[in-house]
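Quick notes on the structure that follows.
The values are calculated or read from the model by the stated rules, or taken from the named source; none is laboratory data. All figures in this text were calculated on a predicted structure; none of them were measured in a lab. With ideal geometry, Cβ positions are generated from the backbone for all residues, glycine too; neighbour counts draw on all protein chains shown.
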Protein chains: 2
Amino acid sequence: MHDADEGPAKPKRKRLDPQRREEEIVEGAVLYFSEVGFDGSMRDLAARLGISHALLFRYFPTKDLLIDRVYDQIYLARWNPSWDTMLEDRSLNFPERLIRFYSDYLRAVDRPEWVRTFVYGGLAGVNINQRYLKLVRRKVILPVALELERLVDAGVSAETPSDEAVELSWGLHGEIFYLAIRRWVYGIKVTADIDGFVALTVAKFLKGAPGALKGIAGARGRKA
Amino acid sequence: MHDADEGPAKPKRKRLDPQRREEEIVEGAVLYFSEVGFDGSMRDLAARLGISHALLFRYFPTKDLLIDRVYDQIYLARWNPSWDTMLEDRSLNFPERLIRFYSDYLRAVDRPEWVRTFVYGGLAGVNINQRYLKLVRRKVILPVALELERLVDAGVSAETPSDEAVELSWGLHGEIFYLAIRRWVYGIKVTADIDGFVALTVAKFLKGAPGALKGIAGARGRKA
DNA sequence: TGGACTAATGACCATGTGGTCAATATATAG
DNA sequence: CTATATATTGACCACATGGTCATTAGTCCA
């Protein structure tokens, strides 16, 4: 008998109940595709999970389905619920809310997996991006735009901000997110001082946006 | 010889001198990869060029080499030389220069091939991105940052702007480029009014950035 | 006209991919 | 302990890919 149980635990085959197995697969897939990008292969992923790649196809009939699931996991599940209210909490002044939110948000988002898979998915046309950006629009862009309008005219009661205000709000968002893109997509060196960066950017926004908006609202084409 | 150069039929095999052939390959590759992304295959490209894919490998021993060349072609060769001076032309006031440059630049850059291949290449780690961004830094970011400092303190003679000014300048750039990213990478609907967008963003920048910079400089004490 | 030089090709290779399926092994019920 | 249901597998398919190389055929010169 030359068997002798393999010391370092070598379970030939683990039989898990489907639910548990699925969780393991999704979890592993998130890690794997985050690192490798979506060109990663199902076989590699399976090897990493210690299962056969055929098993993956039992749980996710196509690679795309798995990827969709990974996106859900990364982007929707990681949205911090407290952000929802953070921006609308009138007990804090607007600048403070902006700084807190964006410091927090940028810190959450400024990671290679997040940024790279997000952008990667955008290029690949995965629909999750658009879904996520709708979320951002609803929970961040519009509230900020609305608040911006109030800054210009305290009396506004409109529910929907003007296009210009929305554009300016997207601008702030893009500017901040672009820091992460520069870092993780283009690989160039950027400041490590997130708080300082956010504070500066928000300050610029608050000093510039209301005036720009007012200029537009007042008479088109006014120049500095 | 029943020639008629623009062969309406099927030229079995064209024998070009290597220089000409190489040009054709590069030109075709730019178009092809722009459309398809860098997952496009050498065979497809060859078919499109009407040559065998083996021939591609005669001119570019590996696919990566071809891609490098494509990048050169797209990003370096398309840099509009007039941009170099446009920003530094003191005969125009600064706001006007900014608006002209960025309207022009955004218009040049806001195309699917440009944005997508650029971002694609960033993710893939193609070094051309970093090269290109160095160019942007030298010819756009730094001049703008410098001018921004002059706005705050007309007396500055420094050759190198402060980190904050540079960051603000990158911010403007990112904000503007992010429009194209939203459009072509995330596929969301954005304003079609480029001039309006640039004018608004630049106005916001000019109204906000000097103040933000002054705030920093003040809080920190004097700067040389 | 006939070489000769060398663009250009087709056939081929090794490898990797997403995806399928009949066979197998394991946790659990009886 | 045995039977059963099914989670899991290995072997396999069709196809695409990057890359190689001996062979073929344009074109220019003597």
Query - Of residues in the range A:141-179 being at pLDDT below 90 and over 23 Å from B:L206 (Cβ atoms), the one nearest to the other protein chains (Cβ to nearest Cβ) - result: A:T160
Query raised in the report: Here are A:L135, A:L106, A:L98, A:L142: which of them is surrounded by fewer than 17 Cβ atoms within 10 Å (Cβ to Cβ) and out of contact with any Lys or Arg (no Cβ under 9 Å at 6 or more places or on another chain)?
Result: A:L135
Report summary line: Of (1) more than 8 Å from chain B (Cβ to nearest Cβ); (2) without any contact (Cβ under 8 Å) to a residue 40 or more places away in the chain, A:I128 fails just (2)
Query - Hits in the range A:183-219 (condition: more than 7 Å from every other protein chain (Cβ to nearest Cβ) and farther than 20 Å from B:L206 by Cβ) - result: A:R183, A:W184, A:K189, A:V190, A:A192, A:D193, A:I194, A:D195, A:G196, A:V198
Query raised in the report: Applying the selection to the range B:159-180, what residues are more than 15 Å from the chain's Cα centre (by Cα) and of a type in the set (S, T, Y)?
Result: B:T160, B:S162, B:S169
Query raised in the report: Can you find a residue in the range B:28-44 that is within 13 Å of DNA strand C (Cβ to nearest atom), under 30 Å from B:Y186 (Cβ atoms) and either surrounded by fewer than 13 Cβ atoms within 10 Å (Cβ to Cβ) or basic (K, R) (or both)?
Result: yes
Query raised in the report: For the subset of the range A:15-74 comprising residues that are of a type in the set (V, I, T) and modelled with pLDDT under 95, which member is farthest from the chain's Cα centre (by Cα)?
Result: A:V36
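Would you confirm, using the coordinates I've provided, whether B:L56 is closer than 15 Å to B:E27 by Cβ, touching a Gly at 6+ places or on another chain (Cβ under 9 Å), more than 14 Å from chain A (Cβ to nearest Cβ) and within 14 Å of DNA strand C (Cβ to nearest atom)?
no
Is at least one residue of the range A:46-58 away from DNA strand D (no atom under 16 Å from the Cβ) and either among the basic types (K, R) or in contact with a strand residue (DSSP E or B) (Cβ under 6 Å, 6 or more places away or on another chain) (or both)?
First, the residues of the range A:46-58 that are away from DNA strand D (no atom under 16 Å from the Cβ): none.
No.
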